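To start, the structure itself, in structure tokens.
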Amino acid sequence: MRLALYQPDIAGNVGTIMRLAACFSVPLDIIMPCGFPASDKQLKRAAMDYAQQAEVTRHANADAFFADQAAAARRIILLSSHGDTRLPDMHFAPEDTLLLGSESAGVPEDIHRKAAFRVTIPMAAGFRSLNIAVAAGIALGEALRQTGQYPA
């Protein structure tokens, strides 16, 4: 199981997701460019001392990311408020990569088309979306539960 972020633009969210990845021993892929400098104080504050323990791979662009995922035979599961599969209905596999779009723009249509599945987290009526770090935690928790990959 892996997490991936497509061109994230809020440093605090990336730091929180780095911490999530470290705590669950899940690698994190970041598709560049980011909308903030790597030295951003919010990133460091949110990641705390967990950033050094997170396994993070930065990809120059989406093509490089998708090539790496294809070479490893990983399915890309896009989390999207426009998904056509509800999270509780998704059947995860241990080698899946959970991809989240940028906070301000999501992912472009060509990235939507490259995903094996587009998954949405059901919410109460009248709400558009969750914070990206919260969505990552909810989806990762369900994927780890289904695949028996929670840390011992």
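In the stretch 93-116, how many are open to solvent by less than 70 Å² (accessible area, probe 1.4 Å) and either acidic (Asp, Glu) or assigned to a strand (DSSP E or B) (or both)? Steps first, answer last, please.
First pass over the stretch 93-116, keeping only residues open to solvent by less than 70 Å² (accessible area, probe 1.4 Å): 93-94, 96-103, 106-108, 110-112, 115-116.
In the following step, the residues that additionally are either acidic (Asp, Glu) or assigned to a strand (DSSP E or B) (or both) were identified as 96-100, 102-103, 106, 110.
Number of matching residues: 9.
What number of residues within the stretch 120-152 are out of contact with any Phe, Trp or Tyr (no Cβ under 6 Å at 6 or more places or on another chain) and of a type in the set (S, T, N, Q)?
Adding up the residues that qualify gives 4.
Is it the case that some residue within the stretch 69-79 is open to solvent by 20 Å² or more (accessible area, probe 1.4 Å) and at pLDDT below 95?
Within the stretch 69-79, not a single residue is open to solvent by 20 Å² or more (accessible area, probe 1.4 Å) and at pLDDT below 95.
Residue-by-condition table, conditions (1) of a type outside the set (S, T, N, Q); (2) touching an Asp or Glu at 6+ places or on another chain (Cβ under 9 Å):
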residue	(1), (2)
Gly15	yes, yes
Ala21	yes, yes
Ser25	no, yes
Asp29	yes, yes
Asp49	yes, no
Ala60	yes, no
Leu79	yes, no
Glu95	yes, no
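Looking only at the stretch 57-79, which residues are of a type in the set (Lys, Arg) and part of a loop (DSSP other than H, G, I, E, B)?
Keep residues of the stretch 57-79 that are of a type in the set (Lys, Arg), which gives 58, 74-75.
Selection gives Arg74, Arg75.
Give me the pairs, please: first residue somewhere in the stretch 80-92 and assigned to a loop (DSSP other than H, G, I, E, B) and aliphatic (A, V, I, L, M), second residue anywhere and open to solvent by less than 30 Å² (accessible area, probe 1.4 Å) and modelled with pLDDT of 95 or more, beta-carbon distance under 9 Å, and either six or more positions apart or on two chains.
Note: pairs meeting the criteria are Met90/Ile77; Met90/Val119; Met90/Ala139; Met90/Ala143.
With the requirement that a residue be open to solvent by 50 Å² or more (accessible area, probe 1.4 Å) and either within 22 Å of Phe36 (Cα to Cα) or not basic (Lys, Arg) (or both), what does the stretch 117-134 give you?
Within the stretch 117-134, Phe117, Pro122, Met123, Ala124, Ala125, Gly126, Phe127, Ser129, Leu130, Asn131, Val134 meet the criteria.
Inspect all residues belonging to the stretch 126-144 and state whether any of them is at pLDDT 95 or above, touching a Pro at 6+ places or on another chain (Cβ under 9 Å) and among the acidic types (Asp, Glu).
yes
For the stretch 69-109, enumerate the residues that are more than 28 Å from Ala125 (Cα to Cα) and among the small types (Gly, Ala, Ser).
Ala70, Ala71, Ala72, Ala73, Ala93
In the stretch 135-152, what residues are under 12 Å from the mean Cα position of the chain (by Cα) and open to solvent by 60 Å² or more (accessible area, probe 1.4 Å)?
Ile138
Could you give me the residue pairs with C-beta distances under 9 Å whose first residue belongs to the stretch 25-41 and is modelled with pLDDT of 85 or more and assigned to a loop (DSSP other than H, G, I, E, B), whose second residue is open to solvent by less than 80 Å² (accessible area, probe 1.4 Å) and of a type in the set (Asp, Glu) wherever it lies, and which are 6+ apart or on separate chains?
Final answer for the pair search is Cys34/Asp9; Cys34/Asp40.
The values are calculated or read from the model by the stated rules, or taken from the named source; none is laboratory data. Quick caveat, the model's predicted, so the values are computed rather than measured. Neighbour counts are summed over all protein chains in view; Cβ atoms, including those assigned to glycine, are modelled from backbone coordinates with ideal geometry. All accessible areas refer to the heavy atoms of the entire protein, side chains included, with ligands and DNA or RNA removed. Shrake-Rupley method; radii C 1.70, N 1.55, O 1.52, S 1.80 Å.
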